[in-house]
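A.B. asks: Below is the structure I would like to discuss, written out as structure tokens.
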Amino acid sequence: MHEHKSFFIGGDWVAPAGTGVIEVVSPHTEEVIGRVPDGTEADIDRAVAAARAAFDDGPWPRLTPAERAEAVGRLSALYAANVQPMADLVTAEMGSPALFSVFAQAAIPQMVLQYYVDLAATYPWEEERPGLQGPVTVVREPVGVVGAIVPWNVPQFTLMLKLAPALIAGCTIVAKPSPETPLDAYLLAEWVKEAGIPDGVVNIVPGGREAGAHLVAHPDVDKVAFTGSTAAGRQIAAVCGQQLKRVTLELGGKSAAVILDDADLATTVEGFKLASLMNNGQACAAQTRILAPRSRYAEVADALATMVAGMAVGDPTDYGTEIGPLVARRQQERVESYIRIGQDEGAKILVGGLNRPYDRGWYVAPTVFGDVTNDMRIAREEIFGPVLSLIAYDDEEDAIRIANDSEYGLGGSVWTADEERGVAVARRIRTGSCGVNLYSIDPATPFGGYKSSGLGRELGPEGLDAYLEHKAIPRPAPQP
């Protein structure tokens, strides 16, 4: 049992203001595996006050980037030495398969942290520009106090997209983990303290929607960084717009994987194990619309159904498991409701369906729908589970049209024997990222969405830009 009775605020473990408790339930056993206090508005106020004091009066924003990178580098080293415990903890909390957890729930977050440590040495913190009226110094300064709200599906990855650049920029931060996955943040807090990050620079308060809403609206928070649903993102954007508060939003997706007519199907469908079904299908960038040429539709349908039917479903702690349980009973019920919707809309179940693989645990059978048209709800709405929709297209132009016919624009992929042709198609798909013969998120490149998939970018130098203000210092032109 993982039991915590305090919050990490101001560099110390602080008793909660309220008496509420969050129970963390294993999605595999349905048993309680942890308890943490449930953050209230008063707890958020205390955390923001600590972050505000650390920014206004503490050393962190006034250190050089190299000095901050040295401290964050100590945190990165602690993280690198503890990847396995972090991966195991996230698997226990939310059911991510163990092999995926080691890579995506722990190793990749550490890589993000180290990327920003390294970037600090080459990033243009100041530059001289020859202005039209005289020389100008452009200075990049930290934006201030950051409120970071992260979801349960990849809790460390989404937190690190915010924490790592914020720290290197010189910001202070209040992080609110999801109530489904608060335990991993406590482990991270221990490393923050051990690394010697100054008091108040990092503060962590788990809580529900009310705590998150209070953090977003708090007048002493200068920037909000949010990963979650598009519906919640719209509400956050409205509050930040009213306050003219800086905001980064990484929201939902309904990404398309375009199979071109020359693709090798064996390689392609194997790639969908990660691109489409990573993390039990609980991924905002999952390629859940599979677009197949009508001339090869039956062949694709057979290959895709065979691959999905052969995936190992079971205990997420088993390294042979490819699909584990969903995070909560409500998520299981939500995904099953979409399977019913797909049937009602006339789509055909090629594999999977409503037969639960196990009586215990929040499992859903990996499901592939055929005969899907792009106007169906299962092709338009984010399901967030192991459910794929196979859609036929006539020619390349039709595939691009269907791929772009979505309110979302987060991820995407093109699968082909001709890489140059794949890149040409990828350029025409209006998404924040579109892979060719794979789908991946590279820490050195910007990640974010078009349209309803969000605002701004995380990762890459662009992810650091989001935590900085740009100040111009012009001077008179030299006199002849």
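The values are calculated or read from the model by the stated rules, or taken from the named source; none is laboratory data. For clarity, every value in this text was computed on a predicted model and none was experimentally measured. Positions of Cβ are backbone-derived with ideal geometry, glycine not excepted, and every protein chain shown enters the neighbour counts.
A.B. asks: Restricting to the range 30-39, give me the number of residues that are part of a loop (DSSP other than H, G, I, E, B) and crowded, with 20+ Cβ neighbours inside 10 Å.
C.D. replies: Residues flagged as part of a loop (DSSP other than H, G, I, E, B) and crowded, with 20+ Cβ neighbours inside 10 Å within the range 30-39 amount to 2.
A.B. asks: Okay, moving on. What pairs can you find where one residue is in the range 343-354 and in the same structural domain as Leu388 (by TED's automatic domain parsing) and surrounded by fewer than 16 Cβ atoms within 10 Å (Cβ to Cβ), the other is charged (D, E, K, R) and not in a loop (DSSP other than H, G, I, E, B), and their Cβ atoms are less than 8 Å apart, with a gap of 6+ or different chains?
C.D. replies: These pairs meet every condition: Gly346/Asp371; Lys348/Asp371; Leu354/Glu336; Leu354/Arg340.
A.B. asks: Continuing with this model, one more query. Quick check: is even one residue across the range 84-93 surrounded by fewer than 18 Cβ atoms within 10 Å (Cβ to Cβ), in a helix (DSSP H, G or I) and small (Gly, Ala, Ser)?
C.D. replies: Residues of the range 84-93 that are surrounded by fewer than 18 Cβ atoms within 10 Å (Cβ to Cβ), as a first pass: 84-85, 88.
Then keep just the ones that are in a helix (DSSP H, G or I); that gives 84-85, 88.
If we keep only those that are small (Gly, Ala, Ser) as well, we get none.
No - not one qualifying residue is present in the range 84-93.
A.B. asks: How many residues does the range 218-248 hold that are surrounded by fewer than 18 Cβ atoms within 10 Å (Cβ to Cβ), among the aliphatic types (A, V, I, L, M) and in contact with a helix residue (DSSP H, G or I) (Cβ under 7 Å, 6 or more places away or on another chain)?
C.D. replies: Summing the residues that are surrounded by fewer than 18 Cβ atoms within 10 Å (Cβ to Cβ), among the aliphatic types (A, V, I, L, M) and in contact with a helix residue (DSSP H, G or I) (Cβ under 7 Å, 6 or more places away or on another chain) in the range 218-248 gives 1.
A.B. asks: Ok, one more. Taking Cys240 as meeting all but one of (1) assigned to a loop (DSSP other than H, G, I, E, B); (2) in contact with a strand residue (DSSP E or B) (Cβ under 9 Å, 6 or more places away or on another chain), write down the number of the exception.
C.D. replies: That leaves (1) as the condition not met.
A.B. asks: So which of Asp398, Asp371 is more than 24 Å from Arg430 (Cα to Cα) and either free of Cβ contacts under 8 Å to residues at least 12 places away in the same chain or not basic (Lys, Arg) (or both)?
C.D. replies: Result: Asp371 is the single residue among Asp398, Asp371 that is more than 24 Å from Arg430 (Cα to Cα) and either free of Cβ contacts under 8 Å to residues at least 12 places away in the same chain or not basic (Lys, Arg) (or both).
Residue-wise test of (1) under 23 Å from Pro61 (Cα atoms); (2) modelled with pLDDT under 95; (3) in contact with a Phe, Trp or Tyr (Cβ under 7 Å, 6 or more places away or on another chain); (4) surrounded by fewer than 19 Cβ atoms within 10 Å (Cβ to Cβ).
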| position | (1), (2), (3), (4) |
| --- | --- |
| Tyr116 | yes, no, no, no |
| Ala120 | yes, no, no, no |
| Gln133 | no, yes, no, yes |
| Pro142 | yes, no, yes, no |
| Val145 | yes, no, yes, no |
| Pro151 | no, no, no, no |
| Leu163 | yes, no, no, no |
| Ala166 | yes, no, yes, no |
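A.B. asks: Could you list, in sequence order, the residues of the range 444-457 that are under 12 Å from the mean Cα position of the chain (by Cα) and part of a loop (DSSP other than H, G, I, E, B)?
C.D. replies: If we filter the range 444-457 for residues that are under 12 Å from the mean Cα position of the chain (by Cα), which is where we start, we get 447-449, 453-454, 457.
Matches in the range 444-457: Gly448, Gly449, Ser453, Arg457.
A.B. asks: List the pairs whose first member sits in the range 436-460 and is without any contact (Cβ under 8 Å) to a residue 24 or more places away in the chain, whose second member is part of a strand (DSSP E or B), and whose Cβ atoms are under 9 Å apart, counting only residues at least 6 apart or on separate chains?
C.D. replies: Close Cβ pairs satisfying both conditions: Val436/Ser413; Val436/Val414; Val436/Trp415; Pro446/Glu458; Gly460/Phe447.
A.B. asks: Consider the range 382-421. How many of its residues are assigned to a helix (DSSP H, G or I) and under 25 Å from Asn153 (Cα atoms)?
C.D. replies: 1
A.B. asks: Would you mind telling me which numbered condition in (1) within 24 Å of Gln105 (Cα to Cα); (2) touching a Leu at 6+ places or on another chain (Cβ under 6 Å) Ala303 fails?
C.D. replies: Failing condition for Ala303: (1).
A.B. asks: For the range 141-195, which residues satisfy the criterion of being more than 17 Å from Ala69 (Cβ to Cβ), among the aliphatic types (A, V, I, L, M) and in a helix (DSSP H, G or I)?
C.D. replies: Leu159, Leu161, Leu183, Ala185, Leu187, Leu188, Ala189
A.B. asks: Could you check, for the range 277-293, whether at least one of its residues is more than 20 Å from Leu410 (Cβ to Cβ) and either surrounded by fewer than 24 Cβ atoms within 10 Å (Cβ to Cβ) or not basic (Lys, Arg) (or both)? Steps first, please.
C.D. replies: At the first step, the residues of the range 277-293 found to be more than 20 Å from Leu410 (Cβ to Cβ) are 292-293.
Okay, now just the ones that are also either surrounded by fewer than 24 Cβ atoms within 10 Å (Cβ to Cβ) or not basic (Lys, Arg) (or both), so 292-293.
For the range 277-293, residues more than 20 Å from Leu410 (Cβ to Cβ) and either surrounded by fewer than 24 Cβ atoms within 10 Å (Cβ to Cβ) or not basic (Lys, Arg) (or both): present.
A.B. asks: Let me ask another. Test of understanding: among Pro27, Pro16, which residue is crowded, with 16+ Cβ neighbours inside 10 Å and closer than 14 Å to Met94 by Cα?
C.D. replies: When all the criteria are applied, what remains is Pro27.
A.B. asks: Looking only at the range 366-381, how many residues end up being crowded, with 22+ Cβ neighbours inside 10 Å and either hydrophobic (A, V, I, L, M, F, W, C) or part of a loop (DSSP other than H, G, I, E, B) (or both)? Walk me through it before giving the result.
C.D. replies: Going through the range 366-381, the residues crowded, with 22+ Cβ neighbours inside 10 Å turn out to be 366-370, 372, 378-379.
From what is left, the residues that are either hydrophobic (A, V, I, L, M, F, W, C) or part of a loop (DSSP other than H, G, I, E, B) (or both) are 366, 368-369, 372, 378-379.
Going through the range 366-381 one residue at a time, the tally reaches 6.
A.B. asks: In the range 316-336, which residues are touching a residue at least 60 places away in the same chain (Cβ under 8 Å) and buried (at least 19 other Cβ atoms within 10 Å of the Cβ)?
C.D. replies: Passing the criteria: Pro316, Thr321, Glu322, Ile323, Gly324, Pro325, Leu326, Val327.
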